[in-house]
Each structure stands twice: as C-alpha cells, then as structure tokens.
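Colleague: Questions regarding the structure given below will be posed in turn.
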Amino acid sequence: MDDVLQQLTKLQGTNESREKMLETQKHVSREKLESSRLNHLAAKENAKSAMLETYRALSMKDTSAMPDDVRAEHLAFMKCVRESLFGKSESDANGCS
C-alpha cells in the first residue's frame, strides 16, 4: 500500500511539474510573439523614416537643369513617395503603381 501511495505521489508531482513547464512554455511563447510584434512595428517605423528622409532629400533637389523627361520622372516618383507617406489626396486623379 505504501508503494502505491508513493507512486501516486510521485505521479502527482510529475504532473505538477509538467503543468508548470507548459505554463512556462506558454509564457515564453507569448513573450516571443510580443517581441516579434514590436520588432515588426520598429521595422515599419524605420522604413517610414527612411522614406521620409528620401522624400526630404528629393524635395530639396534642384530640378531646373534636368531634362523634361527626367524631371517628369522625378516628380512622379516624389508623388508616389508622398502618397505612400501621407496618403492619397483627393485632388490626385492618377495613382502610383
């Protein structure tokens, strides 16, 4: 009878340890998921920041010496970047691809 009781106690302890391990794994998984989400948000912010810096640099570029076709491409690209950053304005009839 003592052997059976010892085995049951041992099994109960094993089950409790297993449950604690599962809870720990769930916690670690939640933390990893949150970390991934935050890293994704940071990457999006970094991309937007780089795009904003590109837009700023392009907007300061002197286009007066550019050939007409290059100037048109420059302006079209700036429009696409602006729409990506700030959304499409209602006055823009043509979109960017």
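Nothing in this text is a laboratory measurement; each read-out follows from the coordinates by a stated rule. Bear in mind that the values here come from a model prediction, so they are computed numbers and not experimental data. As a convention, Cβ positions derive from the backbone with ideal geometry for all residues, glycine included, and neighbour counts pool all protein chains shown.
Colleague: Which numbered condition in (1) outside any helix (DSSP H, G or I); (2) surrounded by 10 or more Cβ atoms within 10 Å (Cβ to Cβ) is the only one that F77 fails?
Modeller: The failed condition is (1).
Table: residues versus (1) surrounded by 10 or more Cβ atoms within 10 Å (Cβ to Cβ); (2) out of contact with any Ser or Thr (no Cβ under 7 Å at 6 or more places or on another chain); (3) not aliphatic (A, V, I, L, M).
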{"residue": "Q25", "(1), (2), (3)": "yes, yes, yes"}
{"residue": "R37", "(1), (2), (3)": "yes, yes, yes"}
{"residue": "L41", "(1), (2), (3)": "yes, yes, no"}
{"residue": "A65", "(1), (2), (3)": "no, yes, no"}
